[in-house]
1. Give Lys32/Lys74; Lys32/Lys90; Lys44/Lys78 a once-over and call out the pairs whose C-alpha atoms are over 22 Å from each other.
2. Sorted by packing (mean other beta-carbon atoms within 10 Å per residue), highest first, where do 51-60, 78-87 land?
3. Work out from phi, with θ = phi - 60° and the Karplus expression 6.51 cos²θ - 1.76 cosθ + 1.60, the ³J(HN,Hα) of each residue of segment 20-37, listed in order in whole Hz, and give x for Gly and Pro.
4. Expressed in nm to one decimal, what extension gain is obtained for the pair Tyr81 and Ile56 from 0.36 nm per residue of sequence separation less their Cα-Cα distance?
5. What does the extension gain come out to for Ser73 and Glu89, with contour length at 0.36 nm per residue minus their alpha carbon separation?
6. Please list, in chain and number order, the residues 5+ apart from Tyr63 or on another chain whose amide H is under 5 Å from its amide H, with Hs placed from the backbone.
7. Starting from the Cα-Cα distance between Arg64 and Lys49, subtract it from 0.36 nm times their residue separation and give me the gain in nm to one decimal.
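Taken together, the values in this text are just the output of simple stated rules run on the coordinates, not laboratory data. Treat the numbers as computed from the prediction; the structure is a model and nothing was measured. Glycine also receives a Cβ, built like all others from the backbone with ideal geometry; neighbour counts cover every protein chain displayed.
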Amino acid sequence: MQILTWIRRSFHENYKDQCPYILSPLTLILNKILSTGVFPKRLKFSEVKPLYKKGIKTELSNYRPISLLPSFSKIIEKVIYKRVYTYLEKNYVLDNKQFGFVKILLLMKLYTLC
């Protein structure tokens, strides 16, 4: 149920009118992915585009590639991240000295270590 609420809030901002029509199929697909552990191949594709950084626009070294992923892939990634992180946090899997990819502010962690 938390996933439904999260998806509803995420989509509500940008797709207010379509939300009632999109929510049910997205939930079905998301639950299928989570229950089977199989991520659809079609959602693994990204469109790579060059993004101009600085300098002369005709030089390739002045561009960096960016990957445009399907929106639904990003949603699935966030849901899986939330589930895994909650599990790691609840079961004390993360070390006290783990600073990267954690929600707690770095200063709070440093304060407790000192």
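1. Lys32/Lys90
2. Highest-to-lowest ranking by the protection proxy: 78-87, 51-60.
3. x, 7, 8, 4, 5, x, 5, 5, 4, 5, 4, 5, 5, 4, 5, 6, 8, x
4. Extra length available between Tyr81 and Ile56 comes to 5.1 nm.
5. Numbers: separation 16, 0.36 × 16 = 5.76 nm, distance 2.39 nm.
That works out to 3.4 nm of additional length.
6. Here the answer is Lys53, since their amide H atoms fall under 5 Å of that of Tyr63.
7. 4.6 nm
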